[in-house]
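Novice: The structure that follows is given in the form of structure tokens.
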Amino acid sequence: MPVPLVLAHRGARTVAPENTIEAFTVALAQGADGVELDLHRTLDGGLVVHHDADAPGLGVLADLDLEEIRRVRPEIPTLAEVLDACRGALVNVEIKNLPGDADYDESHEAARLVVELLEARGFEDDVLVSSFNLASIDRIRELAPAVATGVLSMFGVDPFDALEVCVAHGHGAFHPFIGILPSGAATAVAARAHELDLRVNVWTVNDGHEIARLAAAGIDGIVTDVPDVAREVLSA
């Protein structure tokens with residue numbers, strides 16, 4: 001059975017500030033196959049990597065120009081900088097854009113900007129774009145069908161129904177929260193996903209026993225805060 005990919009959740013965030021170049025480079029040095037990050041747009045069409053829509057000392061990122069953000073919080077990287085730092089590794093870009101978010105945008109401008117950036121870079125980066133907002137990744141598919149996309153889900157979503165949504169909308173991956181894949185369910189979900197030619201990447205998995213359980217179940221990717229631990233478990 002193939003060994004799951006190890007994707008560092010916001011980088012190696014237990015040893016470096018999350019969603020920073022340092023966290024991503026440390027994660028890759030620890031053996032991660034790639035990284036996962038959170039994305040927001042800026043007022044002037046930039047793309048910055050930060051978990052929340054607003055940042056301490058700044059406010060809502062979408063209300064600010066990139067230059068102002070970088071002047072006050074220089075550690076907040078742009079997506080382009082992360083892609084440069086992670087060349088050769090998979091970068092899972094999560095577009096944050098749910099109703100209720102401070103920067104929620106019905107036009108899905110962030111998705112358009114992601115495609116514009118990837119196109120300017122010749123589509124040479126190994127990128128998987130995911131979101132809890134199905135319409136955001138549908139927009140990615142509409143603009144750039146060759147870009148890999150994945151559906152994120154939390155509690156309240158039946159994983160088998162989510163797999164059917166992935167197929168119906170043309171998305172190649174399903175990203176469930178570990179809490180909806182208890183013992184037994186992971187094997188069944190992975191098997192059904194593979195029947196549908198889908199990949200399953202589970203978040204956020206930090207316990208060694210859970211990492212081993214999911215690997216045995218046939219899960220394709222482990223999104224984790226501790227990539228070094230995941231690599232050690234999967235290499236045993």
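The values are calculated or read from the model by the stated rules, or taken from the named source; none is laboratory data. All values derive from a computational prediction rather than experimental measurement. Note: ideal-geometry Cβ built from the backbone for every residue, glycine included; neighbour counts use all protein chains shown. Just the protein is used for accessible areas: all its heavy atoms, side chains included, with ligands, DNA and RNA removed. Shrake-Rupley method; radii C 1.70, N 1.55, O 1.52, S 1.80 Å.
Novice: Is there a residue being touching a helix residue (DSSP H, G or I) at 6+ places or on another chain (Cβ under 8 Å), of a type in the set (S, T, N, Q) and closer than 30 Å to Val3 by Cβ anywhere in the stretch 35-53?
Specialist: No, because not a single residue in the stretch 35-53 is touching a helix residue (DSSP H, G or I) at 6+ places or on another chain (Cβ under 8 Å), of a type in the set (S, T, N, Q) and closer than 30 Å to Val3 by Cβ.
Novice: Of all residues in the stretch 31-45, which are more than 18 Å from Trp203 (Cα to Cα) and open to solvent by less than 10 Å² (accessible area, probe 1.4 Å)?
Specialist: Hits for the stretch 31-45 are His40, Thr42.
Novice: In the stretch 68-84, which residues are under 13 Å from Arg41 (Cα atoms) and not aliphatic (A, V, I, L, M)?
Specialist: Correct list: Pro77, Thr78.
Novice: Of these, Ala193, Ala168, Ala162, which one is modelled with pLDDT of 95 or more, open to solvent by 50 Å² or more (accessible area, probe 1.4 Å), closer than 24 Å to Pro145 by Cβ and of a type outside the set (Asp, Glu)?
Specialist: Ala168
Novice: Return yes when Leu28 is in a helix (DSSP H, G or I) and surrounded by fewer than 23 Cβ atoms within 10 Å (Cβ to Cβ) and no when it is not.
Specialist: It is true that Leu28 is in a helix (DSSP H, G or I) and surrounded by fewer than 23 Cβ atoms within 10 Å (Cβ to Cβ).
Novice: Ala102 - would you say it is free of Cβ contacts under 8 Å to residues at least 60 places away in the same chain and over 24 Å from Ala55 (Cα atoms)?
Specialist: No; evaluated as a whole, the condition is false for this residue.
Novice: Scan the stretch 214-236 residue by residue and report those that are among the charged types (D, E, K, R) and either under 17 Å from Leu152 (Cβ atoms) or in contact with a strand residue (DSSP E or B) (Cβ under 8 Å, 6 or more places away or on another chain) (or both).
Specialist: Selection gives Asp220, Asp225, Arg231.
Novice: When the residues of the stretch 135-159 are narrowed to those that are within 19 Å of Asp101 (Cβ to Cβ) and of a type in the set (Val, Ile, Thr), which ends up most open to solvent (accessible area, probe 1.4 Å)?
Specialist: Val157
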